[in-house]
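The values are calculated or read from the model by the stated rules, or taken from the named source; none is laboratory data. No experiment lies behind these values; they were computed from the predicted model shown. Note that we place each Cβ from the backbone using ideal geometry, even for glycine, and neighbour counts take in every protein chain shown.
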Amino acid sequence: MSHYFENDTDLKSNIRELKYAYNSSFFTFLSDNGVFSKKGIDYGSRLLLETYLKENKTNVNVLDIGCGYGFIGIVISVLTNSYVDMVDINKRAVHLTKRNIKKYDNFKGNAFVSDAYSEVKDKYDVIITNPPIRVGKEKLLEILNGAFDHLNSDGYLYFVIRKNQGALSIKKILEVDRKVEIINRDKGYLIFKVKNN
Ligand SMILES: C[S@@+](CC[C@H](N)C(=O)[O-])C[C@H]1O[C@@H](n2cnc3c(N)ncnc32)[C@H](O)[C@@H]1O
């Protein structure tokens with residue numbers, strides 16, 4: 001069985017259109033077989049995004065790592081006037097993100113394929129992620145700990161993990177070096193905020 005994070009070029013395409021509304025702003029996203037949460041926007045991603053939007057950060061540089069079809073990064077760019085780069089290891093996901101970006105004239109940023117930070121050259125004010133869990137703890141920690149090499153010195157990492165997917169053990173590992181806050185929780189999902197330095 002193939003996982004959503006693999007590049008399965010033989011997988012038949014079945015494009016769907018997903019809808020999302022935030023206050024009076026309306027968005028649509030193309031999704032497809034072979035990408036995460038293809039049938040509907042993931043609850044954890046929504047909780048992460050909406051928690052982040054309440055932080056009222058505007059005009060910042062953001063990296064959405066593990067962007068899928070671009071839900072988190074596109075909404076952030078459009079609603080907060082921010083420059084957002086979006087990366088994923090899954091080529092089909094990045095292709096969908098590029099198609100989804102085109103619908104928003106005021107989107108600023110880029111989408112490209114990257115295994116964790118392998119192709120990421122810049123530094124950001126914010127790194128945000130609903131990280132892949134099934135890739136294993138080592139890759140998960142590469143994505144979370146690697147954020148601090150790609151954040152400006154006063155930047156922040158935001159991420160979501162379900163409590164029953166080891167969120168608290170990940171928290172313990174990260175807080176050896178930094179203060180880790182839980183800024184929201186709902187339905188077993190925890191939203192974390194970590195300041196660089
Ligand atoms: C939980 S999904 C979140 C997707 C999207 N952000 C959303 O909210 O719908 C995690 C994403 O990480 C991607 N991913 C898995 N391994 C990766 C890696 N090594 N580097 C970058 N992205 C990866 C997967 O392809 C998947 O799209």
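Report whether or not residue 197 is farther than 21 Å from residue 50 by Cα and touching a helix residue (DSSP H, G or I) at 6+ places or on another chain (Cβ under 9 Å).
Working: farther than 21 Å from residue 50 by Cα: yes; touching a helix residue (DSSP H, G or I) at 6+ places or on another chain (Cβ under 9 Å): yes.
Spelling it out, residue 197 is indeed farther than 21 Å from residue 50 by Cα and touching a helix residue (DSSP H, G or I) at 6+ places or on another chain (Cβ under 9 Å).
Close contacts from the range 40-51, counting a first residue that is in contact (Cβ under 8 Å) with a residue 24 or more places away in the chain and a second that is crowded, with 21+ Cβ neighbours inside 10 Å and assigned to a loop (DSSP other than H, G, I, E, B), with Cβ to Cβ under 6 Å and a gap of 6+ residues or different chains, come to 44/130; 45/130; 48/130. In the range 90-119, the residues that are modelled with pLDDT of 95 or more reach residues that are among the basic types (Lys, Arg) and within 10 Å of the ligand (Cβ to nearest atom) with C-beta atoms within less than 8 angstrom, at least six apart or across chains, in these pairs: 113/91; 116/139. Among the candidates 113, 75, 35, the residue that is buried (at least 21 other Cβ atoms within 10 Å of the Cβ), more than 8 Å from the ligand (Cβ to nearest atom) and among the aliphatic types (A, V, I, L, M) is uniquely 75. Every condition in (1) over 22 Å from residue 183 (Cβ atoms); (2) within 12 Å of the ligand (Cβ to nearest atom); (3) not small (Gly, Ala, Ser) is met by residue 98 except one, and the failing one is (2).
Inside the range 68-117, can you point out the residues that are part of a loop (DSSP other than H, G, I, E, B) and within 20 Å of residue 156 (Cβ to Cβ)? Of everything in the range 68-117, those that are part of a loop (DSSP other than H, G, I, E, B) and within 20 Å of residue 156 (Cβ to Cβ) turn out to be 81, 82, 116, 117.
Screening the candidates 79, 141 for the property of being within 26 Å of residue 24 (Cα to Cα) and out of contact with any His (no Cβ under 8 Å at 6 or more places or on another chain) yields one hit, 79.
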